[in-house]
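Visitor: Got a structure for you, written out below as structure tokens; questions coming shortly.
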Amino acid sequence: MSKYIYVIACIGIIFTACNKKGNPIPLAVEYVHLNDAVVTTYQQLNIDIDKDGAVDFLVTKELKETAAGQDDLLEFRVVSNQQHKLLIQPDGTPAKKEAGVWIRKDDEGSFKWDASQHAVIVTRVLTVDPANVYWQGIWKDQYNKYLPIQFIKNGQTHNGWIQISFSPVLPSRIVVHDAAFNKVANNPIQAGSK
């Protein structure tokens, strides 16, 4: 008798699980293949994510001189125009996501959505002694990671990502693979979804 009850209970659980209807998140991804564009100390990249002819994000570098006798810094950075946002910490360190992780409209701990600040991907510290030059930052030696973005279109906020790899091997470079955003306003997107 207990075997019969067990079988009925299992069938009931399976039937119930198969009939559950979740609330799927609407995804209508606008994908932009950037042809593995390379950004070096001599090149920058303009990203037009919605293909309207305007630059939405800029991947570039900046040499920052420090006080005399101190180290100089070479930063690779992503800059948003004043409408779009990057998920960054107050010091400019951007969030870094793995493929499949959800990018949502809310802030995440110390990371805040910000349109006024650039995101420093990596920094090369140029010392007086060339043998002591080094890279620093959470994107150092990272390949195929995702920079969360918020893209504003027609007054609506869309979550998205830019896929980036960094190589310190000379010539040091950032490779910008592709980008995407969810065309459904205010809804999340998974990093890497196309």
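Visitor: Residues with amide H under 5 Å of ALA37's amide H, sequence separation 5 or more or different chain, H placed in the peptide plane at 1.01 Å from N; which?
Guide: It is VAL176, by chain and number.
Visitor: Here's another thing I want to ask about it. Residues of segment 40-159: accessible area per residue at 1.4 Å, in Å²?
Guide: Value for segment 40-159: 52 Å² per residue.
Visitor: Moving on. Could you run the Karplus curve 6.51 cos²θ - 1.76 cosθ + 1.60 with θ = phi - 60° over segment 56-65 and give me ³J(HN,Hα) per residue in whole Hz, x for Gly and Pro?
Guide: 9, 9, 10, 9, 8, 10, 8, 8, 10, 8
Visitor: Also: Tell me, what ³J(HN,Hα) does each residue in segment 132-149 have, in order and in whole Hz, if you take phi through Karplus 6.51 cos²θ - 1.76 cosθ + 1.60 with θ = phi - 60° and put x for Gly and Pro?
Guide: Ordered by residue, 3J(HN,Hα) equals 9, 5, 8, 9, 9, x, 6, 8, 4, 6, 9, 10, 6, 10, 10, 8, x, 9 Hz.
Visitor: While we're looking at this one, here's another question. Long-range amide H contacts for ILE121: which residues qualify at under 5 Å (H placed 1.01 Å from N, peptide plane, sequence gap of 5 or more or a different chain)?
Guide: PHE76, ARG77, VAL78
Visitor: Using modelled amide H (1.01 Å from N, peptide plane; none on Pro or chain starts), what sits under 5 Å from the amide H of ILE49, excluding residues fewer than 5 places away?
Guide: The answer is ASP56, PHE57.
Visitor: Kindly state, as a whole number, the per residue volume in cubic angstrom of the convex hull around the alpha carbon atoms of segment 62-194.
Guide: Convex hull volume per residue, Cα atoms: 109 Å³.
Visitor: If each of LYS51 and ASP141 carries a label point 7 Å out from its Cα toward its Cβ, how far apart are those two points in nm?
Guide: 3.9
Visitor: On the protein heavy atoms, probe 1.4 angstrom, tell me the percent of accessible surface of segment 82-194 carried by carbon and sulfur. Before the final figure, lay out the partial values.
Guide: On the way: 2450 of 5080 Å².
With neighbouring chains kept in place, the figure for segment 82-194 is 48 percent.
The values are calculated or read from the model by the stated rules, or taken from the named source; none is laboratory data. In this text, all values refer to a predicted model and were calculated from it rather than measured experimentally. Methodologically, a virtual Cβ is constructed for each residue, glycine included, from the backbone with ideal geometry; neighbour enumeration extends over all protein chains shown. In case anyone asks, the SASA skips ligands and DNA or RNA and just uses the protein heavy atoms, side chains included. Shrake-Rupley method; radii C 1.70, N 1.55, O 1.52, S 1.80 Å.
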